[in-house]
Amino acid sequence: MDDIQGRLKETSETCVASYAKWATDKKDGDVRATLQEAIHELRKVASRLEIEMAISERDENALKKIPIPSHRAQGRGHQSGDDDNRGNSAAGNSAPPARTSPKPQRNRGKPKRNDN
C-alpha cells in the first residue's frame, strides 16, 4: 500500500474514533486534546497529498508543448522561416534611418499678443 494511502487510512480512523469519544463527553479536556491532535495529523496527511498532486500535475504539464497564442499566430505576416532579423534595417547597416521631414520648431519666446 502506498505510504500516503496508509497514513490517510490510519489517521482518518484515529480521527473518527477520537471524534466518537469526544461526542459522548465534550467536557473532558484530554479527549478534546486527543481529537485536536488527530485532526492536526489528518491535516498533515491531506497537505502531503495536495503536494503530491501538484508535483504530478507539474510533471504532466511540463511534457505538453505550449501552443502559440492566437493573437500572436495571426497578425505577424506570412514570412517564411525563423528570421531573427525581421523588421530590422538592411543587413550590415547599423545607422539609424534618415529623417524624412524636419523637426517641428518650438516657440521659445513670449507669446505674441493680438490686440485686434
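The values are calculated or read from the model by the stated rules, or taken from the named source; none is laboratory data. A quick note: this is a predicted structure, and the numbers were derived from the prediction, not measured. Ligands, DNA and RNA are excluded from the accessible area calculation, which covers all protein heavy atoms including side chains. Shrake-Rupley method; radii C 1.70, N 1.55, O 1.52, S 1.80 Å.
Ordered by 1.4 Å accessible area with all protein chains kept, 58, 106 run largest first as 106, 58. Residue ranking by accessible heavy-atom surface, 1.4 Å probe, largest first, among 4, 66, 55 comes out as 66, 55, 4.
For the stretch 1-56, relative contact order (Cα pairs under 8 Å, six or more residues apart, normalised by length) works out to 42 percent.
Legend: residues 34, 11, sorted from most to least accessible area (1.4 Å probe; ligands, DNA and RNA excluded), read 34, 11. Computed on the Cα trace of the stretch 1-69, the radius of gyration divided by the Kirkwood hydrodynamic radius gives Rg/Rh = 1.29.
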